[in-house]
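Here the structure is laid out as structure tokens; the discussion comes afterwards.
Read-outs throughout are calculated quantities, based only on the coordinates presented, and are distinct from any laboratory measurement. These numbers were taken from a predicted model, which means no experiment stands behind them. Positions of Cβ are generated from backbone atoms using ideal geometry, with glycine treated the same way; all protein chains shown enter the neighbour counts.
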């Protein structure tokens with residue numbers, strides 16, 4: 001490919017990026033959710049950070065440059081969407097996997113331009129810039145070069161190739177590279193590497209995790225900052241509470257030790273008031289949305305106390321057994337999944353239970369009564385206090401009477417009186433209404 005051809009490709013790329021507002025015309029509107037070009041480009045960058053690979057292959061001084069995303073066969077429709085949206089690449093399938101591959105030089109150029117505008121955030125960016133350098137060395141070389149000069153270029157490309165992917169030992173990002181976490185980059189990234197789950201089948205503690213190798217510590221720290229800055233009415237239950245954590249663990253695979261980092265969220269209050277409202281306004285593209293929907297069903301069942309009833313706990317166990325790898329069409333445990341999925345009553349049972357009044361009953365004495373079991377909920381710290389203005393807008397959240405009284409410089413008895421009578425507290429003509437709430 002000569003310089004003239006490259007200029008022609010660059011023109012095509014610019015035209016593609018500025019006129020592809022109709023790029024979804026070939027996709028049925030009901031087949032997958034629509035994203036704007038801006039949203040999709042961020043999502044694609046995040047998803048590529050999680051799932052893509054840059055490859056260079058060498059055969060007798062003929063180099064092939066390949067970009068690919070390999071997913072489970074159940075996400076074939078997602079790869080078809082990406083292919084149609086970008087109008088590049090080919091898809092191949094096996095019994096278990098689907099693979100979207102971009103090989104043609106002019107199509108590789110489109111990808112390079114996309115990642116130039118919407119940069120990768122992880123250390124995969126290093127493979128991108130190495131891949132890009134080798135690509136231009138190969139295609140911009142002067143065809144009239146002497147053989148010795150051509151061989152020098154080919155050797156340089158080999159050196160670059162041998163420093164990428166699993167052979168990489170330098171993971172230091174360039175100083176001018178900025179990690180930018182945007183809502184749709186984050187969604188794309190977690191659709192590849194995120195996980196919605198429950199950590200046990202007893203009290204059904206909820207978990208949201210992102211696990212990465214140790215070299216991705218900076219991007220996980222940036223994600224943590226992004227998550228902690230999300231809007232919403234959240235209050236720490238105690239000074240020790242840490243709603244977004246980054247945990248280290250060691251994994252041994254093939255007698256090799258690998259240090260992993262997991263960004264973990266298990267704080268129910270943060271999940272309910274911050275994380276789910278964020279995800280509710282996003283448009284998932286992969287089957288990960290099914291896990292999120294199931295996860296949210298469990299959240300709602302717990303918030304209404306139905307996890308403490310036999311009917312509710314049995315339902316949550318059934319939901320959990322259809323999530324994540326259990327839902328894959330190729331999973332060996334699929335018999336169990338099919339048993340539940342073929343039972344069309346599962347979703348109906350969830351809706352029926354959620355349409356009932358809460359299984360919790362908050363008594364005037366501040367105790368929580370579990371109606372299905374006809375007992376009080378044991379343990380302290382389950383009842384908090386919220387303060388609203390005349391318009392019903394939440395102003396403050398407190399863990400107990402003492403904390404509320406200290407804030408308003410009033411005794412616990414006065415706060416208790418306002419709770420029991422539902423009369424407002426008036427300060428400088430402003431009215432404050434107090435309400436007991438259940439804390440999980």
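Put a dot 7 Å past each Cα toward the Cβ at residue 159 and residue 395; how far apart are the dots in nm?
The modelled label-to-label distance comes out at 6.8 nm.
With bins 5 Å wide starting at 0, give me the P(r) of region 361-438 over every alpha carbon pair, in whole percents.
3, 15, 25, 25, 15, 9, 5, 2, 0, 0
So what's Rg/Rh here for region 183-355, counting alpha carbon atoms and using the Kirkwood radius for Rh?
That ratio equals 0.97.
Return one number: the angle in degrees, 0 to 90 and rounded to the nearest 10, between the long axis of the Cα atoms of helix 412-421 and the longest principal axis of the Cα atoms of the chain.
Helix 412-421 sits at roughly 90 degrees to that axis.
Round to a whole angstrom and tell me the spacing of the C-alpha centers of region 70-127 and region 246-278.
A separation of 27 Å, based on Cα centres.
How many angstrom lie between the Cα centre of region 282-329 and the Cα centre of region 209-230?
Region 282-329 and region 209-230 have Cα centres separated by 25 Å.
If only Cα atoms are counted, what is the Rg of region 69-153, and what is its Dmax, in Å?
16.2, 50
More than 12 Å apart: what percent of Cα pairs in region 264-304 qualify?
Beyond 12 Å sits 62 percent of the P(r) for region 264-304.
At 222 nm, what value in deg cm²/dmol follows for the chain if DSSP H runs of at least 4 each add -39500 (n - 2.57) and the sum is divided by all its residues, to the nearest 500?
-12500 deg cm²/dmol, from helical runs alone.
So how tilted is helix 76-86 from the main axis of the chain? Cα-based, degrees 0 to 90, rounded to 10.
60 degrees
Pick from 267, 49, 58 the residue whose mean-square fluctuation is largest in a GNM of the chain, springs joining Cα atoms under 10 Å.
Per the Cα network of the chain with a 10 Å cutoff, 58 tops the list.
How far is helix 147-161 tilted off the main Cα axis of the chain, in degrees rounded to 10, range 0 to 90?
20 degrees
Please report, in whole Å³, the volume per residue of the convex hull around the C-alpha atoms of the chain.
So the per-residue Cα hull volume is 202 Å³.
Taking the simple approach of a point 7 Å from Cα along Cα-to-Cβ for both residue 355 and residue 403, what is their distance in nm?
Distance between label points: 3.7 nm.
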